[in-house]
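Participant: The structure is given below, and queries will be raised subsequently.
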Amino acid sequence: MDHDLVVIGGGTAGLGAALAGAAVGARTLLVSEGELGGECTFTGCVPSKTLIEAAARGATFPVAMAAVRRVVPEIAAVVAAEVQAAEGIEVRRGRAVFVSPGEISVDGRVLRARRFIIATGSWPAVPPVPGLAEGGYLTNETVFGLDELPGRLTVLGGGAVGCELAQAFARLGSQVVLIEAAPRLLPAADPAASQVVEEVFRAEGISVRTGVAVASVKHHEDGVTLWLASGEEAAAGGCSGPPWSRPGPER
């Protein structure tokens, strides 16, 4: 065997698993197609919480984004390949493909191991809403590249990432609408926690809509209009007037 343990995926879970393996003396290989640190470091926990903290201090949008772009590389350096090597973990960059129950191929090289851990993470799920793709949208992988604060922002999804982005942008000055199809925010969390978060969000001026789905999206000169399955109309991104209104003429 080339290794006792191969961990596939260099995000938070993969890094933790590799460190645990090396700590008990296993010959450990960490294979990562992307940068070590994964979503948490580059498009999740680190940038979102940095943005929230900067906004809570009253920072402007440019200052808050500058903080994000400064902190992310600092955190990434803590989990770099050299750091893993010092812990006894071999790192190989590339895409792993299983070729047998005990073998993987990484860029053409076949490696054997006694045990494998798959920690390949996830990516943003884009809802199949008619009209959404035509006009473009942001995800947690692209939103931190914004150079200007949007006047209005609609967040589809009230999970952890959606809630963090909604709060951060609301504190920075965007008029935010948060839509969750489930009956409550953070549907995977304790109901009491969901209630606390929703109360805080409403107190901070975030318009929270739960138990409703987006039926379609229309793009026009003034911005974007979202039509809900309930028949309501939501304006997001550069539209004037209140963020929510009753149904009007089809457009």
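Participant: Among the polar types (S, T, N, Q) and under 23 Å from the mean Cα position of the chain (by Cα): is that true of SER100 in this structure?
Facilitator: no
Participant: Name the residues in the stretch 178-207 that are assigned to a strand (DSSP E or B) and surrounded by 20 or more Cβ atoms within 10 Å (Cβ to Cβ), would you?
Facilitator: Residues satisfying the conditions are LEU178, ILE179, GLU180.
Participant: Does ALA67 meet the test of being loosely packed, with under 15 Cβ neighbours inside 10 Å and free of Cβ contacts under 8 Å to residues at least 40 places away in the same chain?
Facilitator: Judged against the criteria, ALA67 is not a match.
Per-residue answers, yes or no, for (1) out of contact with any strand residue (DSSP E or B) (no Cβ under 9 Å at 6 or more places or on another chain); (2) among the small types (Gly, Ala, Ser):
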residue	(1), (2)
ALA81	no, yes
GLY88	no, yes
GLU103	no, no
GLU148	yes, no
VAL155	no, no
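Participant: Would you confirm, using the coordinates I've provided, whether LEU153 is in a strand (DSSP E or B), surrounded by 15 or more Cβ atoms within 10 Å (Cβ to Cβ) and modelled with pLDDT under 95? Let's see the steps before the verdict.
Facilitator: Values: in a strand (DSSP E or B): yes; surrounded by 15 or more Cβ atoms within 10 Å (Cβ to Cβ): yes; modelled with pLDDT under 95: yes.
In short, yes.
Participant: What about SER122, is it surrounded by fewer than 15 Cβ atoms within 10 Å (Cβ to Cβ), among the polar types (S, T, N, Q) and over 25 Å from ALA229 (Cα atoms)?
Facilitator: yes
So that you can scan it fast, the table gives a plain yes or no per residue for (1) under 18 Å from the mean Cα position of the chain (by Cα); (2) within 16 Å of ARG92 (Cα to Cα); (3) free of Cβ contacts under 8 Å to residues at least 40 places away in the same chain; (4) open to solvent by less than 20 Å² (accessible area, probe 1.4 Å):
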{"residue": "VAL6", "(1), (2), (3), (4)": "no, yes, no, yes"}
{"residue": "ALA13", "(1), (2), (3), (4)": "yes, no, no, no"}
{"residue": "LEU29", "(1), (2), (3), (4)": "no, yes, no, yes"}
{"residue": "ARG57", "(1), (2), (3), (4)": "no, no, yes, no"}
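Participant: Now for a separate question. Which one of the conditions (1) open to solvent by 70 Å² or more (accessible area, probe 1.4 Å); (2) within 30 Å of GLU199 (Cβ to Cβ); (3) assigned to a helix (DSSP H, G or I); (4) in contact with a strand residue (DSSP E or B) (Cβ under 9 Å, 6 or more places away or on another chain) does ARG171 fail to meet, given that it meets all the rest?
Facilitator: Just one mismatch for ARG171, condition (4).
Participant: Please find, among ILE52, ILE89, the residue that is open to solvent by less than 30 Å² (accessible area, probe 1.4 Å), within 30 Å of PRO101 (Cα to Cα) and of a type in the set (A, V, I, L, M).
Facilitator: Exactly one residue qualifies, and that residue is ILE89.
Participant: Answer yes or no: is there a residue in the stretch 163-171 that is closer than 23 Å to ALA20 by Cα and aliphatic (A, V, I, L, M).
Facilitator: The first filter runs over the stretch 163-171 and keeps only residues closer than 23 Å to ALA20 by Cα, leaving none.
No.
Participant: Pairs only if they're at least six apart or on different chains, beta carbon under 6 angstrom, first in the stretch 94-123 and without any contact (Cβ under 8 Å) to a residue 24 or more places away in the chain and farther than 24 Å from GLY16 by Cβ, second open to solvent by less than 80 Å² (accessible area, probe 1.4 Å) and of a type outside the set (A, V, I, L, M); list them, first residue then second.
Facilitator: From residues that are without any contact (Cβ under 8 Å) to a residue 24 or more places away in the chain and farther than 24 Å from GLY16 by Cβ, the pairs are VAL99/SER105; ASP107/GLY94; VAL110/GLU103.
The values are calculated or read from the model by the stated rules, or taken from the named source; none is laboratory data. Since the structure is predicted, the reported quantities are computational estimates derived from the model, not experimental observations. No Cβ is skipped: glycine too gets one built from the backbone with ideal geometry, and neighbour counts run over all protein chains shown. Heavy atoms of the whole protein, side chains included, go into the accessibility calculation; ligands, DNA and RNA do not. Shrake-Rupley method; radii C 1.70, N 1.55, O 1.52, S 1.80 Å.
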